[in-house]
Amino acid sequence: MSLLPLPADLAHALERYDPQRASAPESLTCQAVRRLAQELAFSPREVELAALRLEIAPERYRRNLGTVGWAGQIALLQARVAVVGAGGLGGWVIESLARMGVGHLEILDGDVFEENNLNRQLGCTEATLGRPKAQVLAERVHAVNSAVTAVAHTVWMSEANAEALLEGADVAVDALDTLPARFVLQRAAQALGIPLVHGAIAGYTGQVMTILPGDPGLETLYGPGPHPERGVEVDLGNPSATPMMVASWQAQQVVKLLTGAERGLLRGRLMLLDAQAGDVTVIALGG
C-alpha cells in the first residue's frame, strides 16, 4: 500500500520525540500518541505511521522493531486481517496481532461465551458469559491498542456471506472448530486470492499450515470429503495451553505474510506440535 505525503504539522509535532534532534528526547508513549491525535485531528494509527516513517519509535512497538524493522511495522499498521473464529485459537491470535500493531482486524464469530470456554478462551470471563465473542474481543483490542480498528461480525460464516466478509483482507486466519466451516473459509479465501493461515488443536497437540492462493490446502489433510463436523478434539479435549501454543505460531505466520518474510513460512508443510511428547514435526505435503 502506498503512503500519502507526510502532513507537515504532524511531522513538525513529532520532532520533539526524535532522538536525532534532541539531547534528551521525550518518549512517544501511548499518552503522547493520543494527545497528538486529538490536538491535530489525526487518528492514533496515523500518528504512529508518521512517527515510524520518520524512524521515531512509538514505545509500544520498540520491542517489535528488532524483528520486523521499520518497514515491517509500517506494513503491519496498514494491514487488514480477518480472524474467523473468536474462541480458543482466535482469541489468542487476535491478542497477538493487536499487540504487534496490525492496523485493522475483522473478527468473525456468531457464538457467545459459555462456561465451558472459561478454561482456554481469552475473552471468556465470568463477566462476559452470554456475550458475543466477536464483540468482547473487539472491545479488548481497543483496550490493548487504540491504534487498531477492530470490527466485530457477530454472524456465522457461510457459503452465502463468506466472500463478502473477507473482502479487503490481506490475510485470513482459520480459528474455527468444525471441518465444513474450514472448507467454506478456504474456498472464499481462494476465490479472493487471500492467504489463509490454518490452525487446529486436540488435547496436547496442534497443527499449523499456511495456504497461499492456488495451493491445494486442506484437502491434503482431510481429503475431498464429505467431512465430519468435528475431529478427535471431541475425545481429547482442549486444555488451556494448547490453543495458546498453536495461536502463537499462527500469529507469527500472519506477521511473516504481512511483512514479506518468506523464510519459515509453512507453505506446503504441516507443523505438528505435540506438547505431551515434547516434540515438533514438520511434514511436507504433496501437491
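The values are calculated or read from the model by the stated rules, or taken from the named source; none is laboratory data. All values reported here derive from a predicted model rather than from experimental measurement. Glycine also receives a Cβ, built like all others from the backbone with ideal geometry; neighbour counts cover every protein chain displayed.
Of the residues in the stretch 3-27, how many are outside any loop (DSSP other than H, G, I, E, B) and either at pLDDT below 90 or of a type outside the set (A, V, I, L, M, F, W, C) (or both)?
5
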remark   = Heads up, the strands (runs of 3 or more DSSP E) in the stretch 157-220 (entirely inside) with at least 3 residues that are among the small types (Gly, Ala, Ser) are 196-202
task = Quickly run through the stretch 113-136 and pick out the residues that are more than 15 Å from Ser240 (Cα to Cα) and assigned to a helix (DSSP H, G or I).
result = Lys133, Ala134, Gln135, Val136
inquiry  = Could you check the stretch 246-274 and list, in sequence order, the residues that are touching a strand residue (DSSP E or B) at 6+ places or on another chain (Cβ under 7 Å), surrounded by fewer than 19 Cβ atoms within 10 Å (Cβ to Cβ) and not in a strand (DSSP E or B)?
reply    = Leu265, Gly268
ask   = Only one of Glu95, Glu139 is surrounded by fewer than 17 Cβ atoms within 10 Å (Cβ to Cβ) and either part of a loop (DSSP other than H, G, I, E, B) or modelled with pLDDT of 95 or more (or both); which?
value = Glu139
key: Odd one out for Val33 among (1) under 30 Å from Thr154 (Cβ atoms); (2) not in a helix (DSSP H, G or I)   = (2)
message = Against the definition (basic (Lys, Arg) and farther than 27 Å from Val33 by Cβ), how does Arg99 come out, yes or no?
response = no
inquiry  = Could you check the stretch 183-213 and list, in sequence order, the residues that are buried (at least 21 other Cβ atoms within 10 Å of the Cβ) and touching a Pro at 6+ places or on another chain (Cβ under 6 Å)?
reply    = Ile201
task = Would you mind stating whether Ala277 is surrounded by fewer than 15 Cβ atoms within 10 Å (Cβ to Cβ), hydrophobic (A, V, I, L, M, F, W, C) and in a loop (DSSP other than H, G, I, E, B)?
result = yes
